[in-house]
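Taking it in order: structure first as structure tokens, then the write-up.
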Amino acid sequence: MRILVTGGAGFIGSAVCRRLVLQTGAAVINIDKLTYAANLASLASIEQLETYAFLQSDICHRAAMDLAFADYEPDAIIHLAAESHVDRSINGPDAFVNTNVVGTYTLLETARAYYERLPASRRKHFRFIHVSTDEVYGSLGPDDLFREDTPYRPSSPYSASKAAADHLALAWFRTYGLPVIVSNCSNNYGPYQFPEKLIPLTILNAIDRKPLPVYGDGRNIRDWLHVDDHAAGLIRLLHEGRPGEKYNFGGDAQRSNLEVVTRICDVVDRLSPGAGCRRSLITFVPDRPGHDARYAIDASKAHRELGWKPIRTFEHGLFETVGWYLKNRAWWERARSGVYDGSRLGLLAAQ
Ligand code: NAD
């Protein structure tokens with residue numbers, strides 16, 4: 001199979017590219033604009049292989065997308081490119097509306113034109129996997145779970161832009177028959193995550209013995225899934241998912257932010273011992289506006305229909321992840337320095 005992956009230089013996209021190329025034998029073209037969140041070093045294990053190709057481009061650019069589809073002739077698309085950080089969406093929603101809404105619309109239109117030209121034998125298998133988040137459902141009370149038919153109530157500019165994209169994607173199935181499948185996944189963690197998100201930020205600050213910021217009282221609950229389990233689920237969707245349907249993915253690992261940060265402190269203390277216990281670095285900071293209280297996923301549809309289940313427990317996955325950041329200081333020091341930011345590199349080159 002030839003798979004076009006968007007956002008493949010990001011955290012989840014790079015895990016999807018590595019898994020497709022190294023474990024399924026698929027050929028991949030990765031289209032990524034290389035924003036600050038991208039990191040081509042995450043693809044070092046596949047970048048030399050003939051079954052992997054990279055195109056630096058913006059998914060909002062229709063002519064470039066038309067050319068990429070015509071040149072590459074994909075059998076499927078896994079669309080992950082997005083602006084993905086909630087705090088950044090509060091401070092600057094523009095890029096979120098552009099990439100997440102206009103970019104998804106542009107890809108859907110490009111894919112529709114391409115799909116309509118495909119011979120019937122190839123149309124039968126073509127899929128457009130639109131990767132989204134559980135944040136589109138909003139905030140849960142103490143006991144409930146997000147199901148695929150839970151109404152959308154997004155709270156942040158990020159989740160609102162993803163919700164808009166999900167509606168567009170499913171409308172392209174209902175109106176034009178494009179074989180779209182939408183996935184809504186809980187919070188991911190694992191290696192190669194840009195150090196602005198809760199888990200890598202906390203790991204790196206704990207390693208460097210810097211303050212560990214926790215929003216509000218730290219009681220907000222998220223359901224954590226290891227990125228490789230998510231990547232495996234997305235590949236199952238390609239083969240087993242039903243067009244026009246939504247699938248929730250979650251790790252069945254609901255933890256409060258304070259539990260996550262405390263656990264990281266204990267693991268870093270164990271793997272990198274030194275003077276004093278890292279828990280003393282925990283610092284409560286004013287809550288994020290519109291901060292959802294609780295997310296929790298009912299992933300039974302994915303278990304039943306896709307035969308998918310996460311294989312790692314959260315505690316085991318977190319232990320491995322801390323170990324990875326300890327061993328890969330060069331990766332995150334360079335990521336933090338902004339050296340992988342393609343737009344910045346372009347700017348520097350132009351000066
Ligand atoms: P990320 O921020 O690590 O990576 C996003 C990638 O998209 C980057 O490589 C970036 O350069 C690229 N990109 C951004 N704008 C682009 C554009 N206009 N054109 C082309 N490429 C562009 O994000 P992530 O955490 O890997 O998330 C990937 C997808 O999964 C997103 O759609 C996100 O909404 C969704 N998701 C993320 C999580 C999570 O916990 N991280 C959970 C559920 C769903």
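The values are calculated or read from the model by the stated rules, or taken from the named source; none is laboratory data. Because the structure is a prediction, the values reported are computed rather than measured. Methodologically, a virtual Cβ is constructed for each residue, glycine included, from the backbone with ideal geometry; neighbour enumeration extends over all protein chains shown. All accessible areas refer to the heavy atoms of the entire protein, side chains included, with ligands and DNA or RNA removed. Shrake-Rupley method; radii C 1.70, N 1.55, O 1.52, S 1.80 Å.
How do 227-234, 321-328 rank on mean C-beta neighbours within 10 Å, highest first? Could the numbers behind the result be given before it?
Details: 227-234: 23.6, 321-328: 17.8.
Output ranking for 227-234, 321-328: 227-234, 321-328.
Looking at the square roots a ≥ b ≥ c of the eigenvalues of the Cα gyration tensor of the range 209-351, which shape do they give, rounded for a/c under 1.5, prolate if a/b is larger than b/c, or oblate? Please report the intermediate quantities before stating the final value.
Numbers: a/c = 1.70, a/b = 1.25, b/c = 1.36.
The shape class here is oblate.
Can you send over the carbon and sulfur percentage of the accessible area for the chain, probe radius 1.4 Å, protein chains only? Walk me through the numbers before you get to the answer.
On the way: 7800 of 14890 Å².
Whole-percent figure for carbon plus sulfur exposure: 52.
Count charges around residue 295 for me, please; just the other residues with Cβ under 10 Å from its Cβ, Lys/Arg as +1, Asp/Glu as -1.
Details: positive: 222, 294; negative: 134, 135, 223, 292.
Residues near residue 295 contribute -2 overall.
Rounded if a/c is under 1.5, else prolate if a/b is larger than b/c, else oblate: which is the range 1-57, with a ≥ b ≥ c the root eigenvalues of its Cα gyration tensor? Don't skip to the answer; put the middle values down first.
Details: a/c = 1.75, a/b = 1.53, b/c = 1.14.
Prolate is the answer for the range 1-57, as a/c is 1.5 or above and a/b outweighs b/c.
How charged is the neighbourhood of residue 273? Take every other residue with its Cβ under 13 Å from the Cβ of residue 273, and add Lys/Arg as +1 and Asp/Glu as -1.
Details: positive: 209, 270, 278; negative: 266, 269.
Neighbourhood net charge equals +1.
Using mean Cβ contacts within 10 Å as the protection proxy, how do 184-196, 115-127, 94-106 order, highest first? Please report the intermediate quantities before stating the final value.
Details: 184-196: 22.6, 115-127: 12.3, 94-106: 20.1.
Result, highest mean Cβ count within 10 Å first: 184-196, 94-106, 115-127.
Could you please tell me the mean projected area of the C-alpha convex hull for the range 155-275, averaged over all directions and given in square nanometres to one decimal?
Working: hull surface 36.8 nm².
It is 9.2 nm².
Pairs 33/327; 33/210; 124/301: which exceed 25 Å Cα-Cα? Let's see the in-between values first.
On the way: 33/327 28 Å; 33/210 32 Å; 124/301 23 Å.
Flagged as over cut-off: 33/327; 33/210.
For labels at residue 97 and residue 174 in the simple 7 Å Cα→Cβ model, what's the distance in nm?
It is 2.4 nm.
How large is the dipole of the chain about the Cα centre if only Lys and Arg carry +1 and Asp and Glu carry -1, each at its Cβ, rounded to the nearest 20 debye?
Working: 40 positive and 40 negative charges, 65 e Å.
I would put it at about 320 debye.
How much length would be gained if the chain were fully extended between residue 139 and residue 63, taking 0.36 nm per residue of separation minus their Cα-Cα distance, in nm to one decimal?
23.5 nm
In square nanometres, what is the average projected area of the Cα convex hull of the chain? Kindly include the intermediate steps, with their values, before the conclusion.
Numbers: hull surface 70.1 nm².
Across all orientations, the chain yields a mean hull projection of 17.5 nm².
How high is the FRET efficiency from residue 329 to residue 121, r the C-beta distance, R0 56 Å, rounded to 0.05?
Working: r = 50 Å, r/R0 = 0.89.
Calculated value: 0.65.
Quick one: if you stick a label point 7 Å off each Cα along the C-beta vector at residue 196 and residue 24, how many nm between them?
Label at residue 196, label at residue 24, 2.9 nm between them.
Assuming a ≥ b ≥ c are the square roots of the Cα gyration tensor eigenvalues, decide whether the range 10-120 counts as rounded (a/c under 1.5), prolate (otherwise, with a/b larger than b/c) or oblate. Let's see the in-between values first.
Working: a/c = 2.17, a/b = 1.13, b/c = 1.92.
Verdict is oblate for the range 10-120.
Could you sort 309-319, 33-43 so that the peptide with the highest average Cβ count within 10 Å comes first and the rest follow in order?
My ranking of the peptides, most packed first, is 33-43, 309-319.
So for the chain: antiparallel DSSP bridges make up what percent, rounded to the nearest 5? Don't skip to the end; give the middle numbers.
Numbers: 3 of 40 bridges.
Close to 10 percent.
How much net charge surrounds residue 161 when only the other residues with a Cβ under 13 Å from the Cβ of residue 161 are counted, with Lys and Arg +1 and Asp and Glu -1?
Numbers: positive: 88, 162; negative: 83, 94, 135, 166.
With Lys, Arg at +1 and Asp, Glu at -1, the neighbours total -2.
With the other protein chains left in place, how much accessible area per residue, in square angstrom, belongs to the chain at a 1.4 angstrom probe? All intermediate terms of the calculation are to be shown ahead of the outcome.
Values: 14890 Å² over 351 residues.
Averaged over the residues of the chain, the accessible area is 42 Å².
With a Cα-only, solvent-free Debye model of the range 90-186, what are the log10 I(q)/I(0) values at q = 0.21 Å⁻¹?
Computed log10 I(q)/I(0) values: -1.03.
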